[in-house]
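Participant: Handing you a structure now.
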Amino acid sequence: MIGGALVVSGGNQVVMGSKLQKEAGVANDSVQSMVSDFMKNGDRKNNESALTLFARNVGDATDWLNEYAGVQFDMKGGLHKLAEYSNDRELAYFGGGSAFMKSILQKLSSTNIDLRLNTRATELKRDGSTVVGVIAQDSDGNTYDITAKSVVIATGGYGANKSLLSEDLQKSLYYGRSNATGDGLLLSDTLGAQRQLMQYGKRYPNGVEIAPGMAKSTIAGNIVAFNSGSAILINKEGKRVVNEKASNRTILETEVRQTDGMLFLFMDQKTFDMWKERLAHAGISQENIDAWLKNNGSRAPIFIRGTTIEEAAGALNMDAASLKATIDTYNSYVASGTDSAFGRPANFMKAKIEDGPYYLVEQKPRFATTMGGLVLTDTLQVVGTDGKALSGLYAAGEVGGGVMGDDSPSGANNAWAITSGKLAGESAAKNASEK
Ligand SMILES: Cc1cc2nc3c(=O)[nH]c(=O)nc-3n(C[C@H](O)[C@H](O)[C@H](O)COP(=O)(O)OP(=O)(O)OC[C@H]3O[C@@H](n4cnc5c(N)ncnc54)[C@H](O)[C@@H]3O)c2cc1C
């Protein structure tokens with residue numbers, strides 16, 4: 001299929017060094033600053049040379065995407081302010097991922113590119129150690145034997161392939177696409193391609209398990225419930241354990257240490273109403289919520305409503321006295337403007353927890369994007385386990401790079417897919433024209 005993950009993504013992108021970043025008011029960002037922010041976010045596990053290549057080229061790639069491919073950015077919305085970045089460097093696509101794809105399709109139709117949908121590459125053709133094409137099969141059972149001087153693997157991540165996932169990722173809920181099967185990794189394995197950082201994925205702490213092993217995100221609701229409402233995060237013992245406005249990473253690390261590796265949102269009626277309103281966009285309907293509340297915590301996803309605090313706690317076998325004490329303490333922090341236990345900022349403690357009914361909603365780790373993949377040279381050539389580049393074989397996007405380390409900051413994966421895709425295309429074309 002065309003579009004891949006970007007179509008369903010949050011529709012934002014790092015635009016560091018582009019004309020658009022300058023136009024939006026930031027002219028003094030730098031490769032060094034971006035590399036340093038990414039290294040910090042990725043626990044310094046990043047492949048630094050791939051990351052530097054990314055930072056040096058993302059600006060040009062963004063301008064190319066805008067000027068050549070016609071993808072528009074939301075300049076009115078402006079650069080986003082994000083805790084991970086020292087300089088504002090993320091923009092949204094105007095009209096989101098679907099508008100992005102319409103622009104690409106329009107551009108494609110003006111070229112002579114031969115696009116085959118529903119066609120799966122099943123083998124890399126070789127002549128000795130040089131890759132010379134692919135064998136592919138379409139959904140009608142037709143086989144294609146394609147000869148090419150250069151092959152670019154751009155098959156995305158491996159989140160939908162359990163056999164490639166670490167124990168931590170296997171335990172996390174998945175909310176990515178079913179086509180993230182890691183095919184590029186498996187195909188290039190026969191050539192002895194080198195992999196890196198395979199154990200990591202971009203995990204968030206705020207999934208609800210809508211089917212066994214599958215998640216939907218409540219992040220949009222959580223933002224408003226913490227910013228303007230009185231939602232708190234508690235563990236199964238009814239205790240607060242983290243600043244609800246801490247980074248996703250901090251909340252996740254706290255969450256996995258709790259009983260059953262999960263947390264719960266606790267909300268009064270007023271906050272629950274503002275929280276659920278934001279979820280339609282994330283694919284969670286009022287009908288879903290009603291059905292889950294009916295189960296009253298008997299199965300996932302755990303959604304509980306209690307007319308009293310005791311009733312809500314009882315449905316989870318949670319100690320009601322402990323939960324009551326947690327609520328009283330939190331309300332005293334709101335009154336004094338200081339969360340002396342976890343440091344939730346005063347401007348995010350605007351409301352006390354007040355009238356019921358009360359709600360408990362599960363929060364579990366979820367992931368879609370994988371961080372590991374093929375090791376690449378600066379010309380995006382795939383590197384073998386012997387450290388040498390594999391002749392004729394290139395890779396781009398989520399399948400390669402290791403640029404993020406163990407976690408990716410906002411808008412980085414889309415930016416890497418675009419930047420590495422452009423660079424790999426250029427290298428592949430150069431290689432083909434040289435022969
Ligand atoms: C729900 C979701 C939300 C996200 N949100 C964000 C976000 O807000 N910001 C951000 O920066 N990133 C986000 N990401 C991540 C980002 O969108 C992806 O990392 C990026 O789009 C990957 O691009 P790609 O081209 O490498 O792979 P993909 O977009 O996954 O494309 C790979 C393509 O290869 C095809 N394919 C696979 N195997 C074969 C084969 N054997 N033969 C032929 N074709 C094959 C697949 O069908 C697919 O079309 C999100 C991802 C998801 C799933």
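Participant: Spin-label point model (7 Å from Cα, Cβ direction): what's the Ser30 to Ser139 distance in nm?
Facilitator: Roughly 5.1 nm, to one decimal.
Participant: Starting at the first residue of segment 239-256, write each ³J(HN,Hα) from the Karplus equation 6.51 cos²θ - 1.76 cosθ + 1.60 with θ = phi - 60°, in whole Hz, x for Gly and Pro.
Facilitator: Each residue of segment 239-256 in turn: 10, 6, 9, 7, 6, 4, 9, 5, 5, 3, 4, 5, 5, 4, 4, 6, 4, 5 Hz.
Participant: Which whole-number percent gives the relative contact order of segment 5-148, counting Cα pairs below 8 Å spaced six or more residues apart?
Facilitator: Reported as a whole number, the value is 23 percent.
Participant: At R0 = 25 Å, how high is the FRET efficiency between Ser322 and Arg299 if r is their beta carbon distance? Nearest 0.05 is fine.
Facilitator: Here the calculated transfer efficiency is 0.55.
Participant: Radius of gyration and Dmax for segment 17-144's Cα atoms, expressed in Å?
Facilitator: Considering segment 17-144 through its Cα atoms, Rg and Dmax are 19.4, 54 Å.
Participant: Hey, how much of the P(r) for segment 274-375 falls beyond 23 Å, as a percent of Cα pairs?
Facilitator: Of the Cα pairs, 45 percent sit more than 23 Å apart.
Participant: Over 5 Å intervals from 0, what percent of Cα-Cα pairs in segment 321-435 sits in each interval?
Facilitator: 2, 9, 14, 12, 10, 7, 6, 7, 7, 7, 7, 7, 4, 2, 1, 0
Participant: Report the FRET efficiency, 1/(1 + (r/R0)^6), for Thr385 and Thr122, where r is their Cβ-Cβ distance and R0 is 22 Å, rounded to 0.05.
Facilitator: 0.45
Participant: For segment 206-270, just the Cα atoms, rotate onto the principal axes and tell me the three extents in Å, largest first.
Facilitator: Cα extents, longest axis first: 31, 23, 22 Å.
Participant: When the helix-only estimate is applied to the chain (DSSP H runs of n ≥ 4, each -39,500 (n - 2.57), divided by the residue count), what is the mean residue ellipticity at 222 nm, nearest 500 deg cm²/dmol?
Facilitator: Value at 222 nm, helices only: -10000 deg cm²/dmol.
Participant: Moving on to the next point. As I understand it, the dipole of the chain uses +1 on the Cβ of Lys and Arg and -1 on the Cβ of Asp and Glu, about the Cα centre. Which of Phe266, Leu20, Ser139 lies farthest toward its positive end?
Facilitator: Result: Leu20.
Participant: Between beta-carbons, use under 15 Å as the cut-off and find the net charge around Trp292, counting Lys and Arg +1, Asp and Glu -1.
Facilitator: In short, +2.
Participant: At 7 Å along the Cα-to-beta-carbon direction for both Leu105 and Arg44, put a label point, then send me their distance in nm to one decimal.
Facilitator: Output for this residue pair reads 4.7 nm.
Participant: Calculate the spin-label point distance for Ser129 paired with Val8, positioning each point 7 Å from the Cα along the beta-carbon direction, and give it in nanometres.
Facilitator: It works out to 3.9 nm between the two label points.
Participant: A follow-up question, please. Would you work out if segment 211-325 is rounded, prolate or oblate? Take a ≥ b ≥ c from the square roots of the eigenvalues of the alpha-carbon gyration tensor; rounded if a/c is under 1.5, else prolate when a/b is larger than b/c, oblate otherwise.
Facilitator: It comes out rounded by the Cα gyration axes.
Participant: Can you order the peptides 181-188, 300-307, 344-351 by their average number of other Cβ atoms within 10 Å per residue, highest first?
Facilitator: Per-residue mean Cβ counts within 10 Å order the peptides as 181-188, 300-307, 344-351.
Participant: Turning to a different aspect of this structure: Need one number for the chain: average projected area of the convex hull over its C-alpha atoms, nm².
Facilitator: 22.3 nm²
Participant: Can you work out the FRET efficiency for the pair Asn331 and Ile223, with r the C-beta to C-beta distance and R0 = 25 Å, to the nearest 0.05?
Facilitator: For Asn331 and Ile223, the calculated efficiency is 0.70.
Participant: What does the charge dipole of segment 312-391 about its Cα centre add up to, to the nearest 20 debye, if the Cβ of each Lys and Arg holds +1 and the Cβ of each Asp and Glu holds -1?
Facilitator: 80 debye
Participant: I've got another one for you. So how long is each side of segment 118-212 along the principal axes, counting just the alpha-carbon atoms, biggest first, in Å?
Facilitator: Principal-axis extents of the Cα atoms in segment 118-212, largest first: 46, 32, 17 Å.
Participant: Please compute the volume of the convex hull spanned by the alpha-carbon atoms of segment 144-264 and report it per residue in Å³.
Facilitator: 151 Å³
Participant: For Glu123, Glu209, give me the order by solvent-accessible area with a 1.4 Å probe, most accessible first, ignoring ligands, DNA and RNA.
Facilitator: Glu123, Glu209
The values are calculated or read from the model by the stated rules, or taken from the named source; none is laboratory data. All figures in this text were calculated on a predicted structure; none of them were measured in a lab. Cβ: placed from backbone, ideal geometry, glycine included. Neighbour counts: every protein chain shown. Each accessible area value is taken on the protein alone, full model and side chains, heavy atoms only, with ligands, DNA and RNA left out. Shrake-Rupley method; radii C 1.70, N 1.55, O 1.52, S 1.80 Å.
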